[in-house]
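Structure first, commentary second.
All of the numbers you see were taken from the coordinates with simple rules; none came from a lab. Everything quoted here is computed from the prediction, not taken from an experiment. As a convention, Cβ positions derive from the backbone with ideal geometry for all residues, glycine included, and neighbour counts pool all protein chains shown.
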Amino acid sequence: MMQAGSQNSTGIWLDNADHRAFLAADAHRALDFFDASIRPAGGFAGLDPKGRPLASSVQELHSTTRLVHSYALAQMAGRPDRAGIIDQGMQFLWNGHRDTEHGGYLWAVDGKDVVDGTKLAYGHVFVLLAASSAKMAGHPDADRLLADISDVLDRHYWDKAAGLFRDEFTRNWQPFSNYRGMNANMHGTEALLAAYEATGDSTYLTRAGGILEFFIAGQAARHSWRIPEHYDQDWQPDHSYSGNPMFRPAGTTPGHSFEMARLLLQWWDLAGRPDGDAPAQALALVERGLADAWNDDLGGIAYTLHRDGTVDNPARYWWPVTEALGALAALIKLDPTPALEGWYRKIWGFAASYLVDAENGGWHHEVGSDNLPVMTQFQGKPDIYHALQADLLPLAHGLSGQAQDLGKIRPLS
């Protein structure tokens, strides 16, 4: 069993040498594992629990972009990209996913064949995140990707009147639904903040602030600090919506509340810590999410909730745990209360015991009723992004500028 730190240690774990060493070691194991993602013919392979390539050669946009972002973050933290993930990912984004006929970026490709040409905001904002992180890591192709994706987002996705991102189009940019969603806007906020940190262009920061204002001060505050996930074309909550049970589940998703709390504090810090309720709002989101979704018997965090906060889908995936850790770390950096420290230690204790794969590297993506790994929803370990950020972001000292901060302290050197 992995130990994330000593429960008997005094002070806060973010400053504890043993805990910081644990975070760095876990990050290295994950990167060692995902180095095997490189596909000789181009792009990346999905990996099984042991790190062996899966049979499918289909590559989805969010997987490519998240690998680029993750390895750029690690490189800034002192771990050279010895596998060439950033180079291969940047090349594949430009020559594989980029749609030279209609513009924008294709959701799923198999070599030169288009598997799914749908143009999703969710995927496109991750292109912005990858380009921004690559720029901060000094990649020579980052500027052209950043310019192209910023233009695509402006022309097709940005709803200027609402100050929010629209969701989806066909390959040739025809709208095919009236759906609007929080998830794409949340990751859009993440990408906008990274773009601001990479460029200093205040447009990115202003847009991120507006999105956060809408979903947190506007929606969460009116819904007992739970954020409605789904909206109609007029940006009114659609509480009856039930789409894909994994990617657009009914109800609310506490893992997203944790992520939005962390992003709110990042924006607040970048904006000069203006007067207002941002820290209190972030705390309210985290406290509500933990009270609703933490499994007192087994540990872990339920995937979705009903509108009243009762559990809808009790499945316990790795990523809500990682986002809770990131949000708690940010709150502790701001105000290290015993309650926050207690939660941080408890959740890391669960993660280290049941989710971290100390033998192979990376994190198990789901645990069953016996807290052993299961694969009911995810095949293998398709994602490094969530777990790596759970390791690296607590190592940074600030609420924002984490990439630059990691570049100064280089915890992975």
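Among the lysines, which fall within straight-line cross-link reach of Lys119, defined as a Cα-Cα distance under 23 Å, with same-chain neighbours fewer than 8 residues apart omitted? By straight Cα distance, Lys119 reaches Lys160.
In deg cm²/dmol and to the nearest 500, what is the mean residue ellipticity at 222 nm of the chain if only DSSP H runs of at least 4 residues count, each as -39500 (n - 2.57), divided by the residue total?
On the way: 13 runs with 180 residues, N = 413.
That calculation yields -14000 deg cm²/dmol at 222 nm.
Bridgeable lysines around Lys381 (alpha carbons under 18 Å apart, same-chain partners fewer than 8 residues away excluded): Lys50. Here segment 225-246 is scanned for amide nitrogen atoms under 20 Å from the site 7 Å beyond the Cα of Thr310 along Cα-to-Cβ, giving 225-229, 239-242. Distance from the C-alpha centroid of segment 36-76 to that of segment 231-263: 27 Å, rounded to the whole angstrom. Its Kirkwood hydrodynamic radius, worked out from the mean inverse distance over all distinct Cα pairs, puts segment 211-369 at 16.2 Å.
Here the relative contact order of segment 153-222, from alpha carbon pairs under 8 Å that lie six or more residues apart, stands at 24 percent. Its convex hull of Cα atoms gives segment 337-413 a direction-averaged projected area, equal to a quarter of the hull surface, of 6.8 nm². Evaluated at q = 0.06, 0.13 Å⁻¹, the base-10 log of the normalised Debye intensity for the chain, with identical point scatterers placed on the Cα atoms, takes the values -0.21, -1.14. Note on segment 108-208: Rg/Rh from Cα positions, Kirkwood definition for Rh, rounded to two decimals, is 0.98. When the Cα positions of His365, Leu146, Tyr157 are compared along the charge dipole of segment 13-409, Leu146 comes out farthest toward the positive end, with charges on each C-beta of Lys, Arg, Asp and Glu. A Cβ-based charge dipole, computed about the Cα centre of segment 13-409 with Lys and Arg at +1 and Asp and Glu at -1, lands at about 340 debye. Which one of His28, Met246, Leu129 has its Cα pushed farthest toward the positive end of the charge dipole of the chain, where Lys and Arg give +1 and Asp and Glu give -1 at the Cβ? With unit charges placed on the Cβ atoms, the residue in question is His28. The alpha-carbon positions of segment 238-327 define a convex hull whose volume is 105 Å³ per residue. The alpha-carbon atoms of segment 128-186 define a convex hull whose volume equals 97 cubic angstrom per residue.
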